[in-house]
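**Student:** Before I ask anything, let me first share the structure, which is written out below as structure tokens.
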DNA sequence: CTCAAAAATGAACATTGTTCAAGAAGAATC
DNA sequence: GATTCTTCTTGAACAATGTTCATTTTTGAG
């Protein structure tokens, strides 16, 4: 066997265990919250030593950030899957997709937005960019709906709308301070989007 | 001296130190974030032992929750100070007051919304009620503006609006994932409220 | 002043992130 | 296949930090 194959075999094994560690960490965060994540638990569940976790991710933040990175990627994928045929329908679809993801992965999304870095280390640029990528998805349909408005204006508008949706959902899903009852959330969110679009001078969805 | 006076003197001293501990903890949270808060630091800064902090607050969560309790009280006080003469102006005033408080006390507000209890202990009912009290403040002006709507409907509408404002502000103030540039935030927030009110069929502010 | 109750203390403990010297495993060379 | 060099793995030890509690100190009544 040549060198390339030898290397790829080792890499494959390494990648496999890396994926296992990530999967275990994600399960802890998803089921019991970020605070329940412990290096020792992850190592034990993966059948390796503590040190190996550090070899793979550098430090604890590295593991968390890796999970968060995959979370925002999954979120973005889901948002991008929303049909872009009709802009009004797309905006509703985006809000609904966000709600769906937040409902199914509440703790993962919380981990993404609430995790603070150790000390004062800066937040990784790539995750920041990915979150912005997701947030910007409301831009295109709004441009189609508001062709006469200044583009920068629409850009701010879309980010604002997404932030509002995010606020409604994240507070609405907090078990503790229930700002909006969960069962009503879906229809209310649609109503909110409608109202806001109407305020922008756009016809409500038929 | 009678018993009452003796007791009140001791109580005064006790209350004084309690206030000092709270003030120190609040300063740590406000300047460096919740994660920077350490029992030992607080005890040292207050000139007392670690055990005394525990005597006063039971545990670490107790100290944090006490600070959070005062944070939500301060927020509510500020929101209640908004003039209630004109409902449209009041709604704008509430949003602006929330933004002002969030700007000046970003870390304190984050501590209130992001703190998770140790283990799975339930979130204190009284703080929950206080947050709801604050959120419900948009209800009265909206009732005046929408007298024909169902009251439950308006209740949900007001909580939704507050959640949206909260989302715009909390994401907008995140230094990292800047959803809306800070300098634009104030005017954009006003614009958002305007747009939403217009969507509800209400005249924009003159 | 004496004494019992309350409060304060801080050493010791438990948990958990982190490091690193030593050993194991793998790859390369002959 | 043996040897050697590199890389990975290990887990004991360390550091930071929340928590407990037996001991000491302080307090206030009699």
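Please treat every number below as a calculation from the coordinates, not as lab data. Keep in mind that this is a model prediction, so the values were computed, not measured. Every residue, glycine as well, gets a Cβ built from its backbone with ideal geometry; the counts of neighbours run over all protein chains shown.
**Student:** Between copies, how far apart are the residue B:148 label points? List them in nm, one decimal, shortest first, with each point 7 Å from Cα toward Cβ, please?
**Tutor:** Between copies, matching label points for residue B:148 lie 2.8 nm apart.
**Student:** Starting from the Cα of residue B:116, move 7 Å in the Cα-to-Cβ direction to define the label point; list residues of region A:51-71 whose amide nitrogen is under 20 Å from there.
**Tutor:** A:59-71
**Student:** Still on this structure, I have one more. Would you mind ranking B:50, B:64, B:168 by Cβ crowding within 10 Å, fewest neighbours first?
**Tutor:** With the sparsest Cβ surroundings first, the list reads B:50, B:64, B:168.
**Student:** For every helix of n ≥ 4 consecutive DSSP H residues, a contribution of -39,500 (n - 2.57) applies; sum these over chain B, divide by its total residues, and give [θ] at 222 nm rounded to the nearest 500 deg cm²/dmol.
**Tutor:** Mean residue ellipticity at 222 nm (helix-derived): -24500 deg cm²/dmol.
**Student:** Can you compute the radius of gyration and Dmax for region A:67-206, using only the Cα atoms, both in Å?
**Tutor:** 15.4, 51
**Student:** Moving on. Considering the rotation that carries chain B onto chain A, locate the chain B residue whose Cβ comes closest to its axis and report the distance in whole Å.
**Tutor:** Nearest to the symmetry axis by Cβ: B:167, 1.
**Student:** Between residue A:81 and residue A:60, take the C-beta separation as r, use R0 = 25 Å, and let me know the FRET efficiency to the nearest 0.05.
**Tutor:** 0.15
**Student:** Limiting things to C-alpha atoms, what are the Rg and the maximum Cα-Cα separation (Dmax) for the protein assembly as shown, in angstroms?
**Tutor:** So, for the protein assembly as shown, Rg and Dmax equal 24.1, 96 Å respectively.
**Student:** Angle between the Cα long axis of helix A:125-135 and the longest principal axis of chain A, 0 to 90 degrees, nearest 10?
**Tutor:** Helix A:125-135 and the main axis of chain A meet at about 30 degrees.
**Student:** Cα axis of helix B:87-104 to longest principal axis of chain B: angle in degrees, 0 to 90, nearest 10?
**Tutor:** 40
**Student:** What does the extension gain come out to for residue B:73 and residue B:48, with contour length at 0.36 nm per residue minus their alpha carbon separation?
**Tutor:** Between residue B:73 and residue B:48, full extension yields 6.3 nm more.
**Student:** Could you list, bin by bin from short to long, the percent of Cα-Cα pairs of region B:11-61 in 10 Å steps?
**Tutor:** 27, 59, 14, 0
**Student:** Distances from residue A:86 to the same position in the other copies: list them in nm, one decimal, shortest first, using label points 7 Å from Cα along Cα→Cβ.
**Tutor:** 3.9
**Student:** Using alpha carbons only, what's the Rg to Rh ratio of region A:1-150 with Rh from Kirkwood?
**Tutor:** Here Rg/Rh amounts to 1.08.
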